[in-house]
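Please treat every number below as a calculation from the coordinates, not as lab data. Please read these numbers as outputs of a predicted model, since none were measured by experiment. All Cβ positions, even for glycine, are placed from backbone atoms using ideal geometry, and neighbour counts span all protein chains on display.
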Amino acid sequence: MPKLTETQTIILSAGARRPDNIALPLPKGLAGAAAKMAVNRMIALGWLQEVDANLRRNEPLWYETGDGHGTTLVVTDAGLLAIGIEPIDANTAPTGALGAPTEEPRSRSTTKSRPTPMPHTQREGTKQSTLIAMLRAPEGATMEAIIAATGWQAHSARGAMSGALKKRLGLNVTSETEDQRGRVYRLCGAPHNA
């Protein structure tokens, strides 16, 4: 797998935290030809995908098609995996949503109407499972320890904790400052099968 650039990491991490994994808006300062080149590269790698934008929900547009419609960008399952976030469930996407286009427009309203996070089976040996194990330990984990264990940058680790663990998996990640260790992150009351 290609090594992520800082720009790619920022785009994927931000998209993972947004509803429906929408990758827009792009980071400030990334516009014009540079934005197009970065996005096209990420689409070629399978990390982003162009989908029809739901204009009624004011989804941000990547470009307009000229007939009152437009497309937006979403982070794919491969994009989530590239930043170490395990996709919740491949079966939640409508048939063809990540492959060939379907005849009906993709509906995203089901994502927002879910009352609780989807059940999730954790794969062993992933960066996310390493992070969860570290946070479940009674002593918790410092940012330095998380960076050393996962190889992530600090912003990617924080994005994984707030996006994947808190929002997607519904885990209670807390942090507190300790005299000897500095800021320590922990999972409180987390189920042991997440």
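General remarks:
- Full-stretch length increase - residue 55, residue 172 - with 0.36 nm per residue and alpha-carbon distance subtracted: 38.8 nm
- Packing-based ranking, highest mean first, of 25-33, 142-150, 75-83, 56-64 given that Cβ atoms within 10 Å are counted: 75-83, 142-150, 56-64, 25-33
- Pairs of Cα atoms in segment 127-187 fall into 5 Å distance bins, from 0 up to the last occupied one, in shares of 4, 20, 34, 28, 12, 2, 0 percent.
- When the C-alpha to C-alpha distance is required to be over 25 Å, the pairs from 36/127; 3/28; 28/127 that qualify are 36/127; 28/127.
- Convex hull per residue volume in Å³, alpha carbons only, for segment 1-80: 92
- Potential lengthening between residue 40 and residue 148 on full extension [0.36 nm per residue; Cα-Cα distance subtracted]: 35.8 nm
- Per-residue ³J(HN,Hα) for segment 48-62, Karplus 6.51 cos²θ - 1.76 cosθ + 1.60, θ = phi - 60°, Hz, x for Gly and Pro: 10, 9, 7, 9, 4, 7, 8, 5, 5, 9, 6, 5, x, 9, 7
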